[in-house]
Amino acid sequence: DTEVTQTPKHLVMGMTNKKSLKCEQHMGHRAMYWYKQKAKKPPELMFVYSYEKLSINESVPSRFSPECPNSSLLNLHLHALQPEDSALYLCASRSLASATDTQYFGPGTRLTVL
Amino acid sequence: AQSVTQPDIHITVSEGASLELRCNYSYGATPYLFWYVQSPGQGLQLLLKYFSGDTLVQGIKGFEAEFKRSQSSFNLRKPSVHWSDAAEYFCAPMIYNQGGKLIFGQGTELSVKP
C-alpha cells in the first residue's frame, strides 16, 4: 500500500482566516514533504521533514507554518494568506530506504484564498 | 545547477499510436530518475523509476523508460497509447543530498485523438 491521504480536498478561506491542511501516511516513511502547484506549472517544494524534524524550508513565507506531530502526520497551518497563495497543495512521503527511495504523493488540497 | 528539461510542452497522438516523451537532465552525477503522471486536479502518480542497473525500466500502465547516460536523458515510451493516458507527465530527478528534493521538469501535456 502506497497511500498518502490529504484533507480537506477543497478549502476556501479569507485572507484573515486561520486554517490547516492535513497529510497522513501509514507506510512507515520517515520523510514527508509539502509542495505547492499553481495551474499549468510543476510542483514546487516548500518544506521537507526528515525523522519529524524540519530539514528544508525553501524560503517559504511565514504565513505558511508546517508541523510534524509524529512520523505519520504532517500539517500545514495557514494564516493571513494572499489570493496568490491559491493553488493545489501536495503532500508526499518517502521511505528513506535505499531500495525503495521514492516519493509517493497524496491527491492534494485545492486551496482558494478570497 | 541541477535542472531538467522536457522540451515538448504539448503532444497530441492518435489512440493506438506510439508515444515518446523526452527528458534531459543536468546534474553532476547520475541521480535517481522518476516519471510521474498527473490527471487534472489530481495528485501525482508514480509511473516508473531508475536507480541503477538495467537502463530500460518498466512501469505501470504499459510505460517504459530508457536511461542514457551519454545523453543525460530518460525518455518515456509507450507502444500503444490509450485515451485514458491523456494527462500531464513530469520527469523528475531526485537530488539525494538536498533532502531527496525532486527537480520537476515543466511537464508535457498529452492529448489523445480518437
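Listed values, structure above:
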| read-out | value |
| --- | --- |
| Residue in the stretch A:71-81 that is without any contact (Cβ under 8 Å) to a residue 24 or more places away in the chain and either within 14 Å of another protein chain (Cβ to nearest Cβ) or under 24 Å from B:PHE104 (Cα atoms) (or both) present | no |
| Matching option when the condition is touching an Asp or Glu at 6+ places or on another chain (Cβ under 9 Å), closer than 22 Å to A:GLN103 by Cβ, loosely packed, with under 15 Cβ neighbours inside 10 Å and not acidic (Asp, Glu), among A:PRO69, A:PRO61 | A:PRO69 |
| Qualifying residues in the stretch A:19-40 (those that are modelled with pLDDT under 95 and of a type outside the set (A, V, I, L, M)) - the one nearest to B:THR108 (Cα to Cα) | A:LYS40 |
| Residue match in the stretch B:53-65 (condition: within 25 Å of B:HIS10 (Cβ to Cβ), within 11 Å of chain A (Cβ to nearest Cβ) and basic (Lys, Arg)) | no |
| Qualifying strands (runs of 3 or more DSSP E) (wholly inside the stretch A:59-114; at least 2 residues being closer than 25 Å to B:TYR36 by Cα) | A:73-79, A:87-94, A:103-105, A:109-113 |
| Residue list for the stretch A:25-69, restricted to those being within 9 Å of chain B (Cβ to nearest Cβ), among the acidic types (Asp, Glu) and over 14 Å from B:GLY100 (Cβ atoms) | A:GLU44 |
| Long-range neighbours under 9 Å by Cβ, at least six apart or interchain, first residue closer than 27 Å to A:ALA97 by Cβ within the stretch A:14-36, second of a type in the set (Lys, Arg) | A:HIS29/A:ARG94; A:ARG30/A:ARG94; A:ALA31/A:ARG94; A:MET32/A:ARG94; A:TYR33/A:ARG94; A:TYR33/B:LYS101 |
| Selection count, the stretch B:1-24, where residues are more than 13 Å from the chain's Cα centre (by Cα) and either charged (D, E, K, R) or under 13 Å from B:ALA92 (Cβ atoms) (or both) | 3 |
| Total residues in the stretch B:51-106, condition over 13 Å from the mean Cα position of the chain (by Cα) and β-branched (Val, Ile, Thr) | 3 |
| Pair list, Cβ < 7 Å and 6+ apart or interchain, from the stretch A:95-114 residues that are within 30 Å of A:ALA80 (Cβ to Cβ) to residues that are among the β-branched types (Val, Ile, Thr) | A:PHE105/A:VAL4; A:GLY106/A:VAL4; A:GLY106/A:THR5; A:THR112/A:VAL12; A:LEU114/A:VAL12 |
| Total residues in the stretch B:25-45, condition more than 16 Å from B:ALA86 (Cβ to Cβ), out of contact with any helix residue (DSSP H, G or I) (no Cβ under 7 Å at 6 or more places or on another chain) and not aromatic (Phe, Trp, Tyr) | 6 |
| Odd one out for B:GLN42, checked against (1) surrounded by fewer than 17 Cβ atoms within 10 Å (Cβ to Cβ); (2) on the phi > 0 side of the Ramachandran plot | (2) |
| Residue count for the stretch A:64-106, restricted to those that are closer than 16 Å to B:GLN45 by Cβ and within 11 Å of the chain's Cα centre (by Cα) | 7 |
| Which numbered condition B:SER26 fails, given (1) closer than 29 Å to A:LEU54 by Cβ; (2) surrounded by fewer than 17 Cβ atoms within 10 Å (Cβ to Cβ); (3) out of contact with any Ser or Thr (no Cβ under 7 Å at 6 or more places or on another chain) | (3) |
| Selection count, the stretch B:4-26, where residues are in contact with a strand residue (DSSP E or B) (Cβ under 6 Å, 6 or more places away or on another chain) and either under 25 Å from B:SER70 (Cα atoms) or among the acidic types (Asp, Glu) (or both) | 13 |
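The values are calculated or read from the model by the stated rules, or taken from the named source; none is laboratory data. This is a predicted model, so every value here is computed, not measured. Counting neighbours? That spans all protein chains shown, and the Cβs are built from the backbone with ideal geometry, glycine included.
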